[in-house]
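Scroll down for the structure; my scribbles are underneath it.
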Amino acid sequence: SYYVLGYYVTEKWDGKYHDIKVKVDRKSCRVQTQKGYFNPKPFSKFSDMEKEMHLMGLATNHTSVFGAPLNLSMVALSFSDKKEPNVIVFTEIDPDKIEDVLNDEVEIVTFVLNAANEIKNQIKVKMNLLDALKKKSYLYSLFSLEPGDYKSSVVLRNLKTGEAAVASSSFSIPILYYGIHLFPPLVFIPGKEADYISIKEKLKGKDPVILELGDIYPALSGRTSLMAGELDKGIRSLSAEVRCLIIGIQDPEIDLSASLKSLSNPQEEIPISFSILSGKEEQDMDILLMEFNLPELEKGEYSLALTAQDTKTKSKSQVNISFKIK
């Protein structure tokens, strides 16, 4: 048999050890229990190793001795087949919701882990986010990765208190061959203002030379807000910047189509229309700015499928956009 014995203790943030002794009156019984416990101690008293273990617990399991971290929304998108940066990670920050984490010394760590949970890349910086964040903002980082399945985690940690906010998302870098290849689209809502802040390490006091955000997504600006979380009921349109790579097809004739389904009833297709607002060509890459017109949707989860097919070779590619109406 086992018993759970509970008693109140006064929690002091001093890190001291307390003995526990449990005795029973019944004969021939052997008692097995923990020998004691440590009071928590303030983050400022952590050793470097303890701070690193705390960071890894936040990144991999979203756990902390200072209480559950705040959850943030993230969008991770592959956008190129080149050796240069080919994936971008956006983390949505609402300063009003994470004010307890923000101060003049916030550590921001972006991890990229492979399918075996091994760290393949990371960026660690310290910033004064109180000055940087005046409204809803998106922190973003660029990485160059080999084909495979990955997970990205971003940790914002107050270096005085240890309080934190975390975000995570899975993504894939595909192996690309002959044909048409749609990359996951960047979906945004025009008219909702937001700031975009690049998170990158400095090399010998200088910023590394990397792509600018406008080079990847020309339509993205401070007058747009990403679709990173739930959408308000009643929204009737979404905009998306779609990157389409064409390999080995001469004079392609691309046909685009879109379909919308509710995850609660995936057998029924919901009518949807779209228009192409603009297009830009970069070697073998087409960048399309699209607008999707939505019917009035009930609360729930939805999946929007975008398909591109070459009418001559029948090469086809499809990407799915998942979102939730609250």
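Of note:
- Against the numbered list (1) closer than 21 Å to Phe183 by Cβ; (2) part of a strand (DSSP E or B), Pro252 comes up short only at (2).
- Some residue of the stretch 302-314 being in contact with a Gly (Cβ under 9 Å, 6 or more places away or on another chain), outside any strand (DSSP E or B) and not hydrophobic (A, V, I, L, M, F, W, C): yes
- Test: residue in the stretch 263-278 that is open to solvent by less than 80 Å² (accessible area, probe 1.4 Å), in contact with a Lys or Arg (Cβ under 8 Å, 6 or more places away or on another chain), outside any loop (DSSP other than H, G, I, E, B) and over 30 Å from Ser198 (Cβ atoms): yes
- Filtering the stretch 89-104 for residues that are out of contact with any strand residue (DSSP E or B) (no Cβ under 9 Å at 6 or more places or on another chain) and closer than 19 Å to Lys124 by Cα leaves a non-empty set.
- Inside the stretch 279-295, residues that are basic (Lys, Arg) and either touching a Ser or Thr at 6+ places or on another chain (Cβ under 8 Å) or open to solvent by less than 60 Å² (accessible area, probe 1.4 Å) (or both) make up a count of 0.
- The set of residues in the stretch 252-275 that are of a type in the set (A, V, I, L, M) and under 27 Å from the mean Cα position of the chain (by Cα) comprises Ala258, Leu260, Leu263.
- Tally of residues being at pLDDT 85 or above and part of a strand (DSSP E or B) across the stretch 190-223: 4
- Just one residue in the set Ser257, Ser317 is modelled with pLDDT of 90 or more, in contact with a His (Cβ under 7 Å, 6 or more places away or on another chain) and open to solvent by less than 70 Å² (accessible area, probe 1.4 Å); that residue is Ser317.
- Taking first residues from the stretch 58-74 that are crowded, with 16+ Cβ neighbours inside 10 Å and partners that are at pLDDT 85 or above and among the basic types (Lys, Arg), the Cβ contacts under 8 Å between residues at least 6 apart in sequence or on separate chains come to Leu58/Arg157.
- Only residues that are modelled with pLDDT of 90 or more, in a strand (DSSP E or B) and open to solvent by less than 20 Å² (accessible area, probe 1.4 Å) were counted in the stretch 75-117, giving 15.
- Scope the stretch 67-83; condition more than 17 Å from Leu139 (Cα to Cα) and either touching a Ser or Thr at 6+ places or on another chain (Cβ under 6 Å) or among the polar types (S, T, N, Q) (or both); matching residues: Ser80
The values are calculated or read from the model by the stated rules, or taken from the named source; none is laboratory data. Just so it is clear, the structure is predicted and the values come from calculations on it, not from any experiment. Cβ coordinates were reconstructed from backbone atoms using ideal geometry, including for glycine residues, and neighbour counts include every protein chain displayed. We work out accessible area using only protein heavy atoms, side chains counted, and drop any ligands, DNA or RNA first. Shrake-Rupley method; radii C 1.70, N 1.55, O 1.52, S 1.80 Å.
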